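Worksheet for the structure shown next.
The values are calculated or read from the model by the stated rules, or taken from the named source; none is laboratory data. Remember, it's a predicted structure, so these values are computed and weren't measured experimentally. Cβ placement follows ideal geometry from the backbone for every residue including glycine, while neighbour counts extend to all protein chains displayed.
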Amino acid sequence: MKLIPGQLTLDQLADISAGRVALQLEDWSAVDKSAALVAAAAAGDAPVYGVNTGFGKLASTRIAKDQLSALQLNLIRSHAVGVGAPMSPEVMRLMLATKAGSLARGFSGVRREVVQSLLDALNAGFIPYVPAQGSVGASGDLAPLAHMTLALMGEGEALVNGQRMPARDELARLELKPLTLAAKEGLALINGTQASTALALHALLRFEGLFATALASGAMTLDAARGSDGPFDARIHAVRGQPGQMEVAGVYRELLAGSAIRQSHREDDERVQDPYCLRCQPQVMGACLDQARHTAAVLVREANAVTDNPLVFEDSMISGGNFHAEPVAFAADNLALAIAEVGAIAERRIAMLIDPGISRLPPFLTADAGLHSGFMIAHVTAAALASENKSLAHPASVDSLPTSANQEDHVSMATFAARRLHAMIDNTAHIVAIEMLAAAQGIDFLRPLQSSVPVEALHARLRADCASSPADHYLAPDIERAAALVQAGVLKASGAPRF
């Protein structure tokens, strides 16, 4: 795929994350021009931050010309201080690609060799071993990007089939040349928001399929509980005018159209109104969709942005603060709210299904309650996960802890804000999986009545891996199998909205 700096789309980023494409930069003019300006500054006598000075609080320290390469090498070595589990290959591919795209815009002053090294690593399948913890999302994602750069230089480590190994050995195996740095290049590589942005983008991409599956599980639950489809009438949502709400209501109408279960109870149903977990699905899920789309817009802009420092323009090099990841932190916090709410309303639907006073199904979805416990404790698991998500959804962006001897005195915490999204997605995927199992069990109790064609197809796909369970059995494996189907996106609603 041709890399056009500043024009990566969300679909292209998804392909990059999955390793489905190779990136090639064809126009090097902006890169070459920018690199020449830095080379001239390095050869001159005037102090230029990041070129011939120290960094952060040491910006006033002048560095001799014969030590400029050592300055960049020392910068990378000293900043590679991350801890914790490694970032996934999907996240690392996004980091490599967005850093390459940012530098290729020609405002960072690096040579073409630097950009090509990033692209070669990406295209060859080289995955730097980058610990996920250690960035506050302020002066760039310094530690994660330093680990990435150190690996490209052959001094760090690589991730190979889930195992860490010396990066130099993996570079040699892939016939990649270790990167060497000139003036400013180390700083350009580690300044920037590419780690937090990659983490948030990967979460967004994961959440899109989960959101579509939660729409399907909500529709299946509504039919299992013989709920009304009246709340999905387009006129209700049109008079409010919220775009996500209107779109989601349309998906529910399509999912439930032609259900014999609903039709059989349309006239004799004594329940005037359904509980909110059924009736207000368009309002809740639609608001989540709007938040996710706002997050997508912010993150795609950030993926294409130039966020290192200082920036190189034709007439000057200007120090600024584009590396501050506040936009990413806010976007990740908003996405956390959406993920938590999708799980929260799904948990309420499970609680409704096991309550015979509301669902009008057998207690705890078992034929002989008392002797059997049915879905009683499966719901407790869902409640535990939903509660955990509430804590994880607390905004990270409101926190700040000064670093670098108070030079970096306000930080975004964007990297944690993005990183915690993945745990929340795992939690919500399991909640939705439990709901799918419970809803399928509810529909089983209504046989021989049939649901709609789309819901019956989802029911059949689930039942192919998870058998009906009217009597107690070892349920945890079913939950894990269902969660795997949810994570893989095979149970999602067809025609679900894209982010």
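Miscellaneous remarks
For every residue, the table says whether it meets (1) surrounded by 24 or more Cβ atoms within 10 Å (Cβ to Cβ); (2) assigned to a helix (DSSP H, G or I); (3) under 21 Å from the mean Cα position of the chain (by Cα).
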site: 81; (1), (2), (3): no, no, no
site: 91; (1), (2), (3): yes, yes, yes
site: 94; (1), (2), (3): yes, yes, yes
site: 99; (1), (2), (3): yes, yes, yes
site: 102; (1), (2), (3): yes, yes, yes
site: 110; (1), (2), (3): yes, no, no
site: 114; (1), (2), (3): yes, yes, no
site: 118; (1), (2), (3): yes, yes, no
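- Per this entry, residue 51 is not counted among residues that are outside any helix (DSSP H, G or I), surrounded by 14 or more Cβ atoms within 10 Å (Cβ to Cβ) and within 20 Å of the chain's Cα centre (by Cα).
- For the stretch 311-321, a residue qualifies if it is touching a residue at least 24 places away in the same chain (Cβ under 8 Å) and either surrounded by fewer than 24 Cβ atoms within 10 Å (Cβ to Cβ) or polar (S, T, N, Q) (or both), and the qualifying residues are 311, 313, 314, 317, 319.
- Tally, over the stretch 399-426, of residues that are more than 13 Å from residue 140 (Cα to Cα) and among the polar types (S, T, N, Q): 3
- Pick from the stretch 359-398, criterion over 30 Å from the mean Cα position of the chain (by Cα) and among the hydrophobic types (A, V, I, L, M, F, W, C), ranking: farthest from residue 335 (Cα to Cα): 371
- Subset of the stretch 140-162 (residues that are touching a Ser or Thr at 6+ places or on another chain (Cβ under 7 Å) and either modelled with pLDDT under 95 or not in a loop (DSSP other than H, G, I, E, B) (or both)): 140, 142, 143, 144, 152
- Criterion: free of Cβ contacts under 8 Å to residues at least 12 places away in the same chain and of a type in the set (Ser, Thr, Tyr) - qualifying residue of 387, 400, 359, 373: 387
- Subset of the stretch 163-198 [of a type in the set (Val, Ile, Thr) and outside any helix (DSSP H, G or I)]: 180, 193
- Taken residue by residue, the stretch 151-166 has at least one member that is closer than 17 Å to residue 88 by Cβ, assigned by TED's automatic domain parsing to the domain that holds residue 64 and polar (S, T, N, Q).
- Unmet requirement for residue 437, which otherwise passes all of (1) touching a Cys at 6+ places or on another chain (Cβ under 7 Å); (2) assigned to a loop (DSSP other than H, G, I, E, B); (3) not aromatic (Phe, Trp, Tyr): (2)
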